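Please read the structure below before turning to the comments.
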Amino acid sequence: MVAEALVLTALKDPVKKLTNWIFGEASGKINEVKMKNALSKLHEKISDVVMVKTFYQINESIDLHKFYVPTRVENVNTIVDSIEKIDSSSIALEGTVGQGKSIFMRYLTYQEANRGVRVPVFFELRRLNEKQTLEDAISTLISNWIPLFTKEHFDKIASSGEVILFLDGFDEIAQEDVSRLINEIEGWQERYPKMQLVISTRPEAEIQKSNPMKVYKLAEYEFHEQKQLIKKLVLDEEFQENLIRNIEKSSLEIKELLKTPLMVTLFVKQYEASLKIPKNQNEFYENLFYNIASLHDNTKAGYIRKLNSSLDISKLQEIFEEFCFITSNEQKLVFSKKETIEKIKKCLNKQNINDNPENVLKDFSTVVCLLLRDGSEYSFIHRSIQEYFYSSFISHKSPEAKKVFYNKVLSDENFFLRMENTISFLESIDSYNYYKDFKIKILNRCIDDYKINYYDNDIYENCYIYLNDNALEVQIILKNFLDYEVMFDSSFFNEFYYAIYNYKKDVYSSPTVQVSSSSQRDYRYISLEEFVDNNLTDLIKEYFIRLGNNVLESKKNITEYLEKRDDIDFDF
């Protein structure tokens, strides 16, 4: 293959430099056969990076270039076909659920190999074993193509600047491992300033606060990108045009939904199955399982694809929902086949169903295609699938069980952080209990804690500021971790940002404003009163009065909603 020859040629020089760094100049006379073997194995690894299984074509891996639509990065005014177009420093690539972070990282890895300047190493952080260090994991990876490489050589290659690490999926690390890994990464940044790290993550991940990590956001899909992806996924031109025309005529909520590659792909799958455009996000997810299970059978009236198990689709979905509940609580996205079978068996037993768990697994992976088989492992096609069906599982439980769930969210900060997307789904599919057992309780607590009325409150006195040492971050800290869930909206956020920026622009060149709790903070945080002077105090207090009024209005609206739901009148 021409592409293989080009990559091998491009990598030869950086690999040779790398071996010099590892083994000394004597390696310059390295046996040609050994060099060819090392290059061949490295090329194999690079090739594996671009071969992916997708939701649209789950049965076999395909080259990502066949469906890749160029990713745009905010504040980077050029087509990004190499990491140098973004930055030469260590960076965090921020993207929301399904925004194509992993595909972009894989694409950049391949492009870096083609440049032939440095050796790219791609590693999925979700595959990090418990208690394993990143250094151990990367060393093991490199030893697969340089057999003489050991952990002791890591220091040499990291110091050389001849290697670039693409670390994919920081948000998929277990919460208890986050601090340990950040410490290791920050240690690398101090010891190895020449080694560039590129880390993908969801918004507001702790790694984004690491210095000197720069944060770049992936841009949302625009309509022209939606059309490009559809044309790559769908070969039939008439079907393409019908689908694109229907998207143009769809509701604003659906248009807002199609801002990521994953959502566009799921949308195409749904449309192929039902030839209908969902009215809103709830309808989109609600029908996903059924539509995908019956895909390709929509031409046969009343016909549903035969499952491998003896279950019907609705019962299969119930098992899948409980599977999502169990695996999410264990904070796992990837499982061996044995683990997967054991968890499915547990779900079957809990629901008193007698069926073969292997057949159920086949249905999950080959019929509804929401679990992806990769060699001997299985994983969700995306975390959002696990999160939505977890929320669906909760929505079908009794009022007492839901109250237990929401109470745990209210009392456990780490659980809330893990459940944030799941909770957002519940606001739509379990509105009554969400408002009754969760949202209004936070509102009431805020009103009590901050003595909120329509004319005054104590938010200002209970607000703290964290000043980043590099003068790049201003962070609002409230004393209770869930307060910001109900108190801060985007308009206030922006106003506060500009107030702080204009006040401190001579000191803070590019501040960001974030909101979180003070429960895990230390003495470096100071009160807002200490931070501002009289010139800014009145302005901020005015913001906080408006903020308190928003809380009161939210409580009023939710109370009215709950009263209407609870009311029944037989006097016609």
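Structure data summary
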{"quantity": "Translational diffusion of region 299-385, µm² s⁻¹ [Kirkwood Rh, Cα pairs; Stokes-Einstein; 20 °C; 1.002 mPa s]", "calculated": "162"}
{"quantity": "Protein accessible area in region 407-462, 1.4 Å probe - carbon and sulfur %", "calculated": "43"}
{"quantity": "Amide H within-cut-off set for V119, under 5 Å, with H built and near neighbours excluded", "calculated": "V163, I164"}
{"quantity": "Heavy-atom surface of region 120-251, accessible at 1.4 Å and reported per residue (Å²)", "calculated": "46"}
{"quantity": "Greater than 26 Å apart at Cα, pairs in K41/K209; K45/K345; K269/K439; K345/K402; K66/K101; K231/K255", "calculated": "K41/K209; K45/K345; K269/K439"}
{"quantity": "Per-residue ³J(HN,Hα) for region 92-109, Karplus 6.51 cos²θ - 1.76 cosθ + 1.60, θ = phi - 60°, Hz, x for Gly and Pro", "calculated": "10, 8, 9, x, 7, 4, x, 7, x, 4, 5, 4, 4, 4, 5, 4, 5, 4"}
{"quantity": "Nearest-10 value in Å² for the accessible area of L252, using the 1.4 Å probe", "calculated": "120"}
{"quantity": "Amide H contacts under 5 Å for E124, placed H, 5+ residues apart", "calculated": "D168"}
{"quantity": "Extension gain (nm, one decimal) between K315 and Q331, 0.36 nm per residue minus Cα-Cα", "calculated": "3.3 nm"}
{"quantity": "Solvent-accessible area of K214 with every protein chain in place, 1.4 Å probe, in Å² to the nearest 10", "calculated": "90"}
{"quantity": "Accessible area (Å², 1.4 Å probe, nearest 10) - S398", "calculated": "50"}
{"quantity": "Solution diffusion estimate, µm²/s, Stokes-Einstein, region 76-209, Kirkwood Rh from C-alpha pairs, 20 °C, viscosity 1.002 mPa s", "calculated": "140"}
{"quantity": "Solvent exposure of region 399-466 as accessible area per residue, Å², 1.4 Å probe", "calculated": "44"}
{"quantity": "Euclidean distance between Cα centres, region 130-164 to region 211-268, Å", "calculated": "38"}
{"quantity": "Sorted largest first, extent of region 64-130 alpha carbons per principal axis (Å)", "calculated": "40, 30, 28"}
{"quantity": "K217 long-range amide H proximity, modeled H, under 5 Å", "calculated": "E74, E94"}
{"quantity": "Nearby aspartates and glutamates by direct alpha-carbon distance to K408 (threshold 12 angstrom, same-chain neighbours under 8 apart not counted)", "calculated": "D437"}
{"quantity": "Cross-link reach list, aspartates and glutamates versus K362, counting only Cα pairs under 20 Å and skipping chain neighbours closer than eight places", "calculated": "E60, D297, D312, E318, E321, E322, E339, E342, D374, E377"}
{"quantity": "Bins of 5 Å, starting at 0 and running to the largest distance - Cα pair percent for region 179-267", "calculated": "3, 11, 18, 15, 9, 8, 10, 10, 8, 6, 2, 0"}
{"quantity": "From phi via Karplus (6.51, -1.76, 1.60), per-residue ³J(HN,Hα) for region 191-207 in Hz, x at Gly/Pro", "calculated": "7, 10, x, 7, 8, 7, 10, 10, 10, 9, 6, 7, x, 6, 6, 4, 4"}
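The values are calculated or read from the model by the stated rules, or taken from the named source; none is laboratory data. Values in this document were obtained by computation on a predicted structure and should not be read as measured data. To get the accessible areas, we keep the full protein, side chains included, count just its heavy atoms, and leave off ligands, DNA and RNA. Shrake-Rupley method; radii C 1.70, N 1.55, O 1.52, S 1.80 Å.
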